[in-house]
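Heads up: the structure comes next, in structure tokens.
No lab work stands behind these numbers, since they all come straight from the coordinates. Keep in mind that this is a model prediction, so the values were computed, not measured. In this analysis, Cβ positions are derived from the backbone assuming ideal geometry, glycine residues included, and neighbour counts consider all displayed protein chains.
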Amino acid sequence: MTTDTMISAVDQVGETAGAVWQCLDVRGRMSMAQLIKSIDAPRDVVMQAVGWLAREDKIEIDETTRGRQVFLK
């Protein structure tokens, strides 16, 4: 893997993190499944974007009996 590929992958995750944040800002609390369906990106990139936002302390992730719920702080 070259450095150029790594940079573009990081850029893709960062851009997807922005899309996740905007989606949650507009729609509010969502299940992880709903969020993944709402974002036009591969599932693994959406999951990485959620991790990015969680690490930056921008979102909360709650465990429910039906799965994970994601929402903005």
Only unsatisfied item for K58, checking (1) loosely packed, with under 14 Cβ neighbours inside 10 Å; (2) charged (D, E, K, R); (3) in contact (Cβ under 8 Å) with a residue 24 or more places away in the chain, is (1)
Filter result for A33 (buried (at least 17 other Cβ atoms within 10 Å of the Cβ), of a type outside the set (S, T, Y) and either assigned to a strand (DSSP E or B) or on the phi < 0 side of the Ramachandran plot (or both)):
no
